[in-house]
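Below is one structure, written out as structure tokens, with a few remarks after it.
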């Protein structure tokens, strides 16, 4: 079974909920205390054994590339002032052997389209997808590691899911469970709460197989007039090719201001406790 070595990070969104802060700065670089959202996601992927990070970017996202690039002038300036610890933090944002590749999404046509933009780099390999807006706290190596291990056992697409009760379930892709434990019979994008097939919501971590590209390429626009990743996964689920792994941790929706503030307060509290 193929090991997961590549991860796709869709980062082309405008971040309109955080204007004017995101007018010139990508929302993915907004910090949770002293580290940007995208770095947390990258570190989670690396902890899962992934060594190729594929960023699907858009206009005004060059700062993400700069963040993961070396900055020898800054390092030298810090060392000259005796700030060796800070210089190490800048130098070691990514460990040796990890490669960053940047792909442009020319139009924002949905998450499915963003994933499709990475096809040439992904090639015929299975791959992870991480949405930096979903800030996850988790013991061990992280949820992406759990998904990769589950894929290694079955070779099936893996979704990270969590329980969401009440009307908020309509904000998510919702799993229709199969009769097989952990199996997924379908994935419905943002159903009305009364029509939701379960209380299991798909969140922003996936392990996908490359056959999804053919589905996305021929898929009509779905919810919001966009090419939805959930619709493509639903097609694969109907074939019996999808499984779910429950989140054993906390999720903060950093695509919203309230969720972002909650994440900062959570991390700050953990830091204070040491």
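Before moving on, here are some points about what is shown:
- Highest-MSF residue in the chain out of 144, 235, 57 [GNM, Cα springs under 10 Å]: 235
- Taking the square roots of 5 times each eigenvalue of the Cα gyration tensor of the stretch 150-274, largest first, gives ellipsoid semi-axes of 27, 18, 15 Å.
- Choice from 58, 110, 140 with maximal GNM fluctuation in the chain (Cα, 10 Å cutoff): 140
- The label point for residue 60 and the one for residue 33, both projected 7 Å from the Cα toward the Cβ, are 3.0 nm apart.
- Spread of Cα-to-Cα distances over 5 Å intervals beginning at zero, given as percent, for the chain: 1, 6, 12, 16, 19, 18, 13, 7, 4, 2, 1, 0, 0
- For the pair residue 83 and residue 171 in one chain, pulling the backbone fully straight at 0.36 nm per residue adds 27.2 nm over the alpha carbon distance.
- FRET efficiency for the pair residue 268 and residue 194, taken as 1/(1 + (r/R0)^6) with r the Cβ-Cβ distance and R0 = 25 Å, rounds to 0.05.
- Gain on full extension, evaluated as 0.36 nm per residue between residue 3 and residue 99 minus their Cα-Cα distance, stands at 32.9 nm.
- Percent antiparallel among DSSP beta bridges (both partners in the chain, rounded to 5): 55 percent
- Candidates 78, 116, 229: whichever shows maximal mean-square fluctuation once the chain is modelled as a Gaussian network with Cα springs under 10 Å: 78
- Estimated 222 nm signal from helices in the chain, with DSSP H stretches of n ≥ 4 weighted -39500 (n - 2.57), rounded to 500: -9500 deg cm²/dmol
- The chain: angle of helix 143-154 to the longest principal axis, Cα-based, in degrees nearest 10: 40 degrees
- Förster radius 30 Å - calculated FRET efficiency between residue 69 and residue 23 (Cβ-Cβ, nearest 0.05): 0.85
- Calculated SAXS-style log₁₀ I(q)/I(0) at q = 0.18, 0.27 Å⁻¹ - the stretch 208-274, Debye, Cα scatterers: -0.83, -1.10
Values in this text are rule-based calculations from the coordinates and carry no lab data. What you see is a predicted model, and the numbers here were worked out from it, not measured in a lab. Cβ atoms come from the backbone with ideal geometry, glycine included; neighbour counts cover every protein chain shown.
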